[in-house]
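Encoded as structure tokens, the structure appears first; notes follow it.
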Amino acid sequence: MPWARVQGYIPFIYLEGGLLYGDIRLHDVVIVGAGPAGLTAAMYCARGGKKTLVLGNIYSSQQSMGGLYENYPGFPEGVQGIELSERMLAQAQKFGAENQIDQVEKIVPLRDSFRLKTENWQYEAKAVILAMGASHSVIGVPGEKELMARGVSYCVHCDGALFRGKAVAVVGYGNGAARAVLYLANIADKVHLLSMREKLVAEPVYLDRIKKLSNYTASFGAEITEILGDQFVSSVEYKVGNTPRSLKADGVFVEMGMKPNTDLAAALGLEMTSGGYVKVNRFNQETNMPGVFAAGDLTGGRLQVATAVGTGASAGISALQYLG
Ligand SMILES: Cc1cc2nc3c(=O)[nH]c(=O)nc-3n(C[C@H](O)[C@H](O)[C@H](O)COP(=O)(O)OP(=O)(O)OC[C@H]3O[C@@H](n4cnc5c(N)ncnc54)[C@H](O)[C@@H]3O)c2cc1C
């Protein structure tokens, strides 16, 4: 079927790859994900002179939800994740990158390009960089879903302030849980850690700070069984061994780690690692599909902002080389 390409715009509707298209927006590179990996890749591609689009919301990235980053170079006093996201987007936009707050639902490979379908629009790109990051793992107990946003939260920096002077539980056992405890201890009256493991496995710097808290208690070897509440959370039920226990709490912060957002990549047919991440050539962030690159937490390794920025830069440079 003939195409009419008028200033980056295809004005008529047709069917291809199982998708109905009309009003398709054309770009050299479309980047899926507006975290540090995607925004860095966008900065490189736009600065390299390519028509670049980032699909995704900077405020729903882990980077924006992470609070204060003390280990990102260049900020001796630390930097708030939201500020870092806004600055990275501004820098990419300065070189001409565009950003649409749109969730990509499907990617279809064509002969020498890719179609990306979102709820509202369809896009076409010669190269695609995947940087969808990771999402919070859930506990998976009754009451968790029902009381979400009514006391159950996955983001202390978003919701912590709502629990001033109240009692909160943190569910988890790693760095995320440790940071949540430290953050909430400044706001809440009482912070109780419910850890499935026998100890908190976190960086020594966090463990030292936690030792000094006066409003912190913990239960180890705890298996959460239910979160109770009528309108809002009122208690957490759990077991230690076979002994059932109950903890009164106004809020429950779930810090059970993250899982990579690989659905789009899997549907596209990309090869995965045995750990469930998108498999890339570590030298240039190429996936097994020509024209598709991946970066950041989606590709595993050290899940940090600094590494997401590094792999994002590498993916951006590779996309530029691919496009010539
Ligand atoms: C609470 C917390 C504390 C942390 N603390 C630190 C720390 O101290 N130091 C450190 O270095 N790292 C820390 N991290 C980890 C760090 O934030 C991540 O490693 C980093 O943000 C990963 O970047 P990313 O670009 O791969 O993904 P993310 O930052 O997760 O961004 C992913 C982006 O993809 C978008 N997206 C997902 N699916 C789609 C889709 N289908 N369509 C469009 N967009 C999509 C999301 O909306 C988001 O914009 C922390 C993370 C958390 C959650």
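The values are calculated or read from the model by the stated rules, or taken from the named source; none is laboratory data. The model shown is predicted, which means the values in this text are computed figures rather than measured ones. Virtual Cβ from ideal backbone geometry, glycine too; neighbours counted across all protein chains shown. Accessible surface is based on the protein model in full, side chains and every heavy atom, while ligands, DNA and RNA are left aside. Shrake-Rupley method; radii C 1.70, N 1.55, O 1.52, S 1.80 Å.
Mind counting the residues in the stretch 99-111 that are within 14 Å of the ligand (Cβ to nearest atom), in contact with a helix residue (DSSP H, G or I) (Cβ under 9 Å, 6 or more places away or on another chain) and open to solvent by 20 Å² or more (accessible area, probe 1.4 Å)?
Total satisfying the criteria: 4.
Please determine whether any residue of the stretch 256-265 is farther than 26 Å from TYR183 by Cβ and of a type in the set (A, V, I, L, M, F, W, C).
Step one: filter the stretch 256-265 for residues farther than 26 Å from TYR183 by Cβ, giving 262-265.
Those left that are additionally of a type in the set (A, V, I, L, M, F, W, C): 264-265.
Yes, there is a match, as at least one residue in the stretch 256-265 is farther than 26 Å from TYR183 by Cβ and of a type in the set (A, V, I, L, M, F, W, C).
Filter the stretch 112-148 for residues that are under 16 Å from ALA34 (Cβ atoms), open to solvent by 10 Å² or more (accessible area, probe 1.4 Å) and assigned to a strand (DSSP E or B) and give the result.
Across the stretch 112-148, the qualifying residues are ALA134, SER135.
Please go through the stretch 301-324 and give me each residue that is open to solvent by less than 10 Å² (accessible area, probe 1.4 Å) and in contact with a Lys or Arg (Cβ under 9 Å, 6 or more places away or on another chain), ordered by number.
GLY316, ALA319
Report the residue count in the stretch 98-111 for those that are part of a strand (DSSP E or B) and either on the phi > 0 side of the Ramachandran plot or of a type in the set (S, T, N, Q) (or both). Full working, then the answer.
Of the stretch 98-111, the ones part of a strand (DSSP E or B) are 98-100, 104-109.
Restricting the remaining residues to those that are either on the phi > 0 side of the Ramachandran plot or of a type in the set (S, T, N, Q) (or both) gives 99-100.
Qualifying residue count for the region: 2.
Residues in the stretch 179-197 that are open to solvent by 30 Å² or more (accessible area, probe 1.4 Å) and either in the same structural domain as GLY66 (by TED's automatic domain parsing) or within 20 Å of SER235 (Cβ to Cβ) (or both): how many?
3
Every residue, every condition in (1) hydrophobic (A, V, I, L, M, F, W, C); (2) buried (at least 18 other Cβ atoms within 10 Å of the Cβ); (3) in contact with a Leu (Cβ under 8 Å, 6 or more places away or on another chain), yes or no:
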| site | (1), (2), (3) |
| --- | --- |
| PRO244 | no, no, no |
| GLU255 | no, yes, no |
| PRO260 | no, yes, yes |
| ASP263 | no, no, no |
| ALA267 | yes, no, no |
| VAL278 | yes, yes, yes |
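For the stretch 45-88, enumerate the residues that are of a type in the set (S, T, N, Q) and not in a helix (DSSP H, G or I). Reasoning before the result, please.
Step one: list which residues in the stretch 45-88 are of a type in the set (S, T, N, Q), which gives 52, 57, 60-64, 71, 80, 85.
Listed by number, the residues that qualify are THR52, ASN57, SER61, ASN71, GLN80.
So, of the residues in the stretch 44-68 that are on the phi > 0 side of the Ramachandran plot and more than 6 Å from the ligand (Cβ to nearest atom), which turns out to be most open to solvent (accessible area, probe 1.4 Å)?
Looking only at the stretch 44-68, we keep the residues that are on the phi > 0 side of the Ramachandran plot, and these are 49, 56, 67.
Checking which are more than 6 Å from the ligand (Cβ to nearest atom) leaves us with 49, 67.
On the way: GLY49: 62, GLY67: 4 Å².
Ranking the qualifying residues of the stretch 44-68, first place goes to GLY49.
Just checking, which of LEU247, LEU184, LEU207 is touching a helix residue (DSSP H, G or I) at 6+ places or on another chain (Cβ under 8 Å) and either assigned to a strand (DSSP E or B) or more than 23 Å from GLY143 (Cβ to Cβ) (or both)? Let's see the steps before the verdict.
On the way: LEU247 fails: touching a helix residue (DSSP H, G or I) at 6+ places or on another chain (Cβ under 8 Å); LEU184 fails: either assigned to a strand (DSSP E or B) or more than 23 Å from GLY143 (Cβ to Cβ) (or both).
Criteria check complete, one pass: LEU207.
Can you tell me which residues in the stretch 222-232 are assigned to a loop (DSSP other than H, G, I, E, B) and either open to solvent by less than 20 Å² (accessible area, probe 1.4 Å) or under 12 Å from VAL170 (Cβ atoms) (or both)?
Initial filter on the stretch 222-232 (assigned to a loop (DSSP other than H, G, I, E, B)): 230-232.
Of everything in the stretch 222-232, nothing turns out to be assigned to a loop (DSSP other than H, G, I, E, B) and either open to solvent by less than 20 Å² (accessible area, probe 1.4 Å) or under 12 Å from VAL170 (Cβ atoms) (or both).
Being of a type in the set (A, V, I, L, M, F, W, C) and within 10 Å of the ligand (Cβ to nearest atom) narrows it down to one of ALA161, ALA92, ALA149, ALA131, so name that one. I'd like the intermediate steps shown before the answer.
Numbers: ALA161 fails: within 10 Å of the ligand (Cβ to nearest atom); ALA92 fails: within 10 Å of the ligand (Cβ to nearest atom); ALA149 fails: within 10 Å of the ligand (Cβ to nearest atom).
Every option except ALA131 fails the conditions.
Of the residues in the stretch 258-280, how many are over 24 Å from ASP28 (Cα atoms) and near the ligand (Cβ under 9 Å from one of its atoms)? Break it down stepwise before answering.
Residues of the stretch 258-280 that are over 24 Å from ASP28 (Cα atoms), as a first pass: 258-260, 272-277.
Add one more test, that the residue is near the ligand (Cβ under 9 Å from one of its atoms), and what stays is 258, 260.
Number of matching residues: 2.
Report whether or not ASN175 is away from the ligand (no atom under 16 Å from the Cβ) and out of contact with any Cys (no Cβ under 7 Å at 6 or more places or on another chain). Lay out the reasoning, then the answer.
Details: away from the ligand (no atom under 16 Å from the Cβ): no; out of contact with any Cys (no Cβ under 7 Å at 6 or more places or on another chain): yes.
No, not satisfied.
Under the condition of being near the ligand (Cβ under 10 Å from one of its atoms) and without any contact (Cβ under 8 Å) to a residue 12 or more places away in the chain, which residue from the stretch 69-78 is farthest from the chain's Cα centre (by Cα)?
GLY78
Can you find, within the stretch 281-300, the residue that is surrounded by the most Cβ atoms within 10 Å (Cβ to Cβ) among those that are part of a strand (DSSP E or B) and within 15 Å of the ligand (Cβ to nearest atom)? Give the steps one after another, and end with the answer.
Filtering the stretch 281-300 for residues part of a strand (DSSP E or B) gives 286, 292-294.
Adding the requirement that they be within 15 Å of the ligand (Cβ to nearest atom) leaves 292-294.
On the way: VAL292: 26, PHE293: 31, ALA294: 28.
Among them, the one singled out is PHE293.
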